[in-house]
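Step one of this worksheet: look at the structure below.
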Amino acid sequence: MPGPVQSIQRGAAILRLLARSSGKLGVGEIATSLGLPRGTAHGLLRTLQLVGFVEQDSATGKYQLGAALLHLGTSYLDVNELRSRAINWADALAARSCESVKIGTVLDGQVLVVHHVFRPDDTLQTLDVGSLMPMHATALGKVLLAFDSGAGAALGNGPLEAFTRRTIVAPKDLTRSLAGIREVGWAAQVEEMTVGEAGIAAPIRGHGGLVVGAIGISGAVERICDAKGQPNTALVTFVRDAARAVSRDLGAARW
Amino acid sequence: MATRYVMSIDQGTTSTRCIIFDQQGRLVSVTQREHRQHFPQPGWVEHDAVEIWRNLERIAPEALRQAGVGLEQVAAIGIANQRETTLVWDRNTGVPLRRAIVWQDTRTTALVDELAARPEASMVQKRCGLPLATYFSAPRIRWLLDDVPGLRERAERGEVLFGTMESWLIWNLTGGPDGGLHLTDVTNASRTLLMDLTTLEWDDDLLDFFGVPRAMLPQIRPSTETYGVARTVLPGVRIGAALGDQQAALFGQTCFAPGEAKCTYGTGGFLLLNTGKDPVRSTHGLLTTVGYQVGAEPAVYALEAPIAVTGALVQWFRDGLGLINSAPEIETLAKTVDDNGGCYIVPAFAGLFAPHWRSEARGVIVGLTSYITKGHLARAVLEATAWQTREVVDAMNADSGLDLRVLKVDGGMTADNLLMQCIADVLDVPVVRPMVAETVSLGAAYAAGLAVGYWPDLEGLRRNWHRAAQWLPAMDPARRESEYDNWRRAVERTFGWLQPRR
Ligand SMILES: Nc1ncnc2c1ncn2[C@@H]1O[C@H](COP(=O)(O)OP(=O)(O)O)[C@@H](O)[C@H]1O
Ligand SMILES: [Mg+2]
């Protein structure tokens, strides 16, 4: 087994130091206190600032603990901010796929729709922002379940609600399906929520790769799927590209 | 042949963006960088033009890289810019003499009062379509000429150049001190107070009135035309268009027919109505301005209602008060309460623009009680944008004799669902957002693409417009009326705050 990671140890020491001190600390003070070269301390602080764990006073340049530390574990990325940051790519995805686009996050064991772009055919459609959808019967929900181990807790161990004959109702079937989703990096739903409808979704990742939401398209099954009933590969690519673009803008380096 | 694209540069008030669009008008890549806002004194707002240029040098190649697009695949560049922001720079060194004076800056208040007292002042609005106000460029040029020692003489000798941001970027892109092109487009020129609205030329009487030497002014050109070829940053690419950002958004929303209107919500809010080939004079506090000019065709005019502060109030809530960490959090905070709790914020930070034109007004927060929380304040921030929109829509309806049936919106604030619903509620008409929220950029791209034949005509562009979202009014009419009444009373309380120096 590899030994402890030095930069994480040092980062933790910086956080402890800041938590212990009453006021704000300058980079020099921090470096001296921890016996670190100034450049190293600065690099660590920059990274901690990037993830919101420390904040820098713009006037004095000194550091303190960041607001993100106070609600660690609750809201990681404000949903309205997620919408603002994703809006350009969600539009582009709707334009490319000619389908409606939704972005979802987890709320109490359900999918909360935080953004919705109409199918670009100028037909009458109503904005679904704020509505809730079941996790196990939607592509967005399955992505969120697959990549957020906490999200599934609310589903319990019993059989899941059936919306159509194709809804996954057995927990062990769902577990298997989620493993597949983790492997390929995207999810589909074919008539599992509503007969005649299908959807494709992929994860949106924030700093460090943490999944903060899912983006996907949904529409008539004959448009989303090919003749064999499989999700259209071009559409899958559009969805995954959009998810990657949003993730990149959110600071997830690898995507 | 490799696929070709158009690149837009949107040099906005808060940031500069580069976006690459494909032939269907779909966004392929986007890069963006904010620049610093300098507030050296109350009422002063400045930008560092060199910082903005450096930002462009960085984000333009980044946009190409992100899209995996080579320079040879870029059919043209279109530029949209924050309007009226005034810069003077040295023709030989390329160095700005001062930081750019931003459109929200009110340092010229005393100067404008002095100019307005002159008998010839009544000529100004007749000739250029704009009221004599601190908002526009000419008083700022004059202020600089008076403030910087020796500047007037150097300007008369043509050693220093004036420009708004599109002129600055085009000059730098085409070589800077080494033969850079010094030009502006009709829409930007129409915001200076120096251009005759019908001849579309600099006007000698206006130049005399403001004391601005002609030698420092850029050449006025149509909005879409191949001005030249970039020599740096995007070497070899044609520059095909420049428009003021609000006019670019009108273009991007494909409001090509008289009677079509849009409202863009960024730092400020701007409602523009296409009025066709003839300039229409307002009797309700709106501006007459050039909408766009496609090549050698006649110019298309617009009626415009500018609102000085919309997103800037959110920005102030974030940076000035520190109550939120990012602009979108205003919606989260506003949703912690059900209503404004009786509180109203009128953000007359730079006086009030349309329809009031009160330069002496300053902001107020009214209705404060110990019941009010930061949630109520956040709601009042968003409602301020909605009610200001209501005021300008009422003025536009009165001027045009038509009732607006639906409001087409775009800009950064359209990501805010609560705000969009609130606007639909107070206007009592549906609010519609198009598939490209970055309509300013899209408009600049469309204009540049037209110039080089990448897109054949305006009708083709229209077919790219699609509805991305719609908000329907759902407010009790009696409540709408009583809230509007409260808003109007709040607005009255901003009037007359600044007093002439005794
Ligand atoms: N979700 C939001 N809610 C409210 N205001 C927002 C939101 N997102 C951005 N803004 C505001 O929109 C403005 C940025 O929009 P943008 O169109 O880029 O403006 P500009 O072109 O004037 O620089 C900022 O003033 C910001 O505060
Ligand atoms: Mg803008």
Would you call residue B:336 closer than 27 Å to residue B:188 by Cβ, touching a residue at least 24 places away in the same chain (Cβ under 8 Å), away from ligand 1 (no atom under 12 Å from the Cβ) and in a loop (DSSP other than H, G, I, E, B)?
no
Contact list, first residue from region A:15-27 and under 16 Å from residue A:61 (Cα atoms), second anywhere and in a loop (DSSP other than H, G, I, E, B), beta-carbon distance below 7 Å, six or more apart or interchain, is A:24/A:57; A:24/A:60; A:24/A:62; A:25/A:62; A:26/A:61; A:26/A:62
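When you check residue A:181 against the structure, is it outside any helix (DSSP H, G or I) and either in the same structural domain as residue A:80 (by the TED database) or in contact (Cβ under 8 Å) with a residue 60 or more places away in the chain (or both), yes or no?
Numbers: outside any helix (DSSP H, G or I): no; either in the same structural domain as residue A:80 (by the TED database) or in contact (Cβ under 8 Å) with a residue 60 or more places away in the chain (or both): yes.
Considered against the rule, which asks whether it is outside any helix (DSSP H, G or I) and either in the same structural domain as residue A:80 (by the TED database) or in contact (Cβ under 8 Å) with a residue 60 or more places away in the chain (or both), residue A:181 comes out as no.
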Given the conditions (1) free of Cβ contacts under 8 Å to residues at least 60 places away in the same chain; (2) assigned by the TED database to the domain that holds residue A:155, every one holds for residue A:65 apart from (2)
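Only one of B:471, B:487, B:465 is farther than 20 Å from residue B:273 by Cβ and in contact (Cβ under 8 Å) with a residue 60 or more places away in the chain; which?
Working: B:471 fails: in contact (Cβ under 8 Å) with a residue 60 or more places away in the chain; B:465 fails: farther than 20 Å from residue B:273 by Cβ.
Going through B:471, B:487, B:465 in turn, the sole match is B:487.
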Taking region B:253-268 and the residues there that are touching a Ser or Thr at 6+ places or on another chain (Cβ under 6 Å) and within 11 Å of ligand 2 (Cβ to nearest atom), the one that is farthest from the other protein chains (Cβ to nearest Cβ) would be B:268
Every listed condition ((1) open to solvent by less than 50 Å² (accessible area, probe 1.4 Å); (2) more than 7 Å from chain B (Cβ to nearest Cβ); (3) of a type outside the set (Val, Ile, Thr)) holds for residue A:84 save (2)
* Does residue B:393 satisfy the criteria of being away from ligand 2 (no atom under 16 Å from the Cβ), farther than 13 Å from residue B:310 by Cα and within 14 Å of chain A (Cβ to nearest Cβ)? -> no
Wholly inside region B:74-161, helices (runs of 4 or more DSSP H) that include 3 or more residues that are open to solvent by less than 10 Å² (accessible area, probe 1.4 Å) are B:137-147
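Before we move on, is residue B:329 surrounded by fewer than 21 Cβ atoms within 10 Å (Cβ to Cβ), farther than 27 Å from residue A:77 by Cα and more than 16 Å from ligand 2 (Cβ to nearest atom)? If you could, list the steps in order and put the result at the bottom.
Numbers: surrounded by fewer than 21 Cβ atoms within 10 Å (Cβ to Cβ): yes; farther than 27 Å from residue A:77 by Cα: no; more than 16 Å from ligand 2 (Cβ to nearest atom): yes.
Taking the combined requirement at face value, the residue does not satisfy it.
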For strands (runs of 3 or more DSSP E) lying entirely in region B:213-328, having 2 or more residues that are under 14 Å from the mean Cα position of the chain (by Cα) picks out B:238-244, B:261-265, B:269-276, B:287-292, B:300-307
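Looking at region A:42-118, what strands (runs of 3 or more DSSP E) fall wholly within it and have at least 2 residues that are under 19 Å from the mean Cα position of the chain (by Cα)?
Working: elements: A:54-56, A:63-65, A:100-107, A:110-117.
Here the list reads A:100-107, A:110-117.
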Among (1) aromatic (Phe, Trp, Tyr); (2) in a helix (DSSP H, G or I); (3) within 11 Å of another protein chain (Cβ to nearest Cβ), residue B:465 falls short only on (2)
Taking region B:396-441 and keeping residues open to solvent by 10 Å² or more (accessible area, probe 1.4 Å), part of a helix (DSSP H, G or I) and either within 16 Å of ligand 1 (Cβ to nearest atom) or under 22 Å from residue A:126 (Cα atoms) (or both) leaves B:412, B:413, B:417, B:418, B:421, B:422, B:425, B:427, B:440
Across region B:10-45, the tally of residues that are away from ligand 1 (no atom under 13 Å from the Cβ), open to solvent by less than 50 Å² (accessible area, probe 1.4 Å) and within 22 Å of residue B:269 (Cβ to Cβ) stands at 1
Restricted to region B:269-289 and to residues being touching a residue at least 60 places away in the same chain (Cβ under 8 Å) and closer than 17 Å to residue B:427 by Cβ, the residue farthest from ligand 2 (Cβ to nearest atom) is B:284
Selection from region B:259-278 of residues more than 20 Å from residue B:408 (Cβ to Cβ) and at pLDDT below 90 yields B:278
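Would you check which residues across region A:87-98 are more than 9 Å from chain B (Cβ to nearest Cβ) and surrounded by 22 or more Cβ atoms within 10 Å (Cβ to Cβ) and list them? It would help to see each step written out before you state the result.
The first filter runs over region A:87-98 and keeps only residues more than 9 Å from chain B (Cβ to nearest Cβ), leaving A:93, A:97-98.
Of everything in region A:87-98, those that are more than 9 Å from chain B (Cβ to nearest Cβ) and surrounded by 22 or more Cβ atoms within 10 Å (Cβ to Cβ) turn out to be A:93, A:97.
The values are calculated or read from the model by the stated rules, or taken from the named source; none is laboratory data. Not measured: the values here are computed from a predicted model. Please note: Cβ atoms are built from the backbone with ideal geometry, for glycine as well, and neighbour counts cover all protein chains shown. Keep in mind that these areas ignore ligands, DNA and RNA; they rest on the heavy atoms of the full protein, side chains included. Shrake-Rupley method; radii C 1.70, N 1.55, O 1.52, S 1.80 Å.
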